[in-house]
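Visitor: Quick one: the structure is below, questions incoming.
The values are calculated or read from the model by the stated rules, or taken from the named source; none is laboratory data. All of these numbers come straight from a predicted model, not from anything done at the bench. Note: ideal-geometry Cβ built from the backbone for every residue, glycine included; neighbour counts use all protein chains shown.
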């Protein structure tokens, strides 16, 4: 398994934290792409093969909910696994995101939480 | 100030410093919000089943340590990254305190972090605190206020 990952967050610090966490988690990363909002993410997804996208919710231009809606509506992106990484605390909104096919990691997160969620979403047993 | 707000605010703030930034936090002795040695002040407003905001001020060098930890740096983080880290910390505190005080069924929309030159300027914009806590963090101090009003 070699992963192409897209990290979408308007905070450059949070993107760096997530990427460092992914690397510390021992996940086999091939390419890691970054986007500062949903619109940038869609542009990247149109031109790069991505296995997994980690997506913040509150972002300018196009938020995470809109991005997930667009990705799920595009058959060419059906293979992209989606994980929302957010401070969202409302079970109502979290369940709505899950109903759209996204998993959820709550901020602040631990490397173990990121690793286990990524492996579960990709259907890979933890070693 | 009501314990129903201060206790969850202290818990959310402590957990954020420890989990997000690997900074140990413990309650600070009660005193006035520092006006000198301030690293930065930021607020995250929210609206939904209630409206208000979280104001966060770091002083005494906490911000540099926190941003460095978040980025895994040995050297000090850049001013832009420190500003970004401050906003993200306030965002995480806000997102984590709201379900504790309003319940997990409540839905809120959080605004983008707004930076202010002083604590007073933030309070004048966001509102008078309904809860305020102070924490000792990395040899410095964090002041966190929660403003919570009925939805308009």
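Visitor: If we keep just the residues of the stretch B:95-107 that are surrounded by 21 or more Cβ atoms within 10 Å (Cβ to Cβ) and touching a helix residue (DSSP H, G or I) at 6+ places or on another chain (Cβ under 8 Å), which is farthest from the other protein chains (Cβ to nearest Cβ)?
Guide: Result: B:97.
Visitor: Right, another one. For the stretch A:15-28, what are the residues that are in contact with a strand residue (DSSP E or B) (Cβ under 8 Å, 6 or more places away or on another chain) and buried (at least 16 other Cβ atoms within 10 Å of the Cβ)?
Guide: A:15, A:18, A:19, A:22, A:27
Visitor: Collect the residues in the stretch B:42-61 that are at pLDDT below 95 and buried (at least 20 other Cβ atoms within 10 Å of the Cβ), keeping them in residue-number order.
Guide: Across the stretch B:42-61, there are no qualifying residues.
Visitor: Further, regarding this structure: Here is a list: A:12, A:39, A:35, A:46. Which entry is within 10 Å of chain B (Cβ to nearest Cβ) and farther than 23 Å from residue A:99 by Cβ?
Guide: Sole residue among the options that is within 10 Å of chain B (Cβ to nearest Cβ) and farther than 23 Å from residue A:99 by Cβ: A:12.
Visitor: Residue B:87 - would you say it is in a helix (DSSP H, G or I) and without any contact (Cβ under 8 Å) to a residue 24 or more places away in the chain?
Guide: Here the answer is no, as residue B:87 does not meet what is asked.
Visitor: Can you tell me which residue within the stretch A:15-32, out of those that are within 14 Å of chain B (Cβ to nearest Cβ) and out of contact with any helix residue (DSSP H, G or I) (no Cβ under 9 Å at 6 or more places or on another chain), is farthest from residue A:85 (Cα to Cα)?
Guide: Top of the filtered list is A:23.
Visitor: OK, next. Sort through A:10, A:37, A:74 and tell me the only one that's out of contact with any strand residue (DSSP E or B) (no Cβ under 6 Å at 6 or more places or on another chain), crowded, with 21+ Cβ neighbours inside 10 Å and modelled with pLDDT of 90 or more.
Guide: On inspection, the qualifying residue turns out to be A:10.
Visitor: Please enumerate the residues belonging to the stretch B:60-81 that are more than 9 Å from chain A (Cβ to nearest Cβ) and either touching a strand residue (DSSP E or B) at 6+ places or on another chain (Cβ under 8 Å) or part of a helix (DSSP H, G or I) (or both).
Guide: Of everything in the stretch B:60-81, those that are more than 9 Å from chain A (Cβ to nearest Cβ) and either touching a strand residue (DSSP E or B) at 6+ places or on another chain (Cβ under 8 Å) or part of a helix (DSSP H, G or I) (or both) turn out to be B:60, B:61, B:62, B:63, B:64, B:65, B:66, B:68, B:69, B:79.
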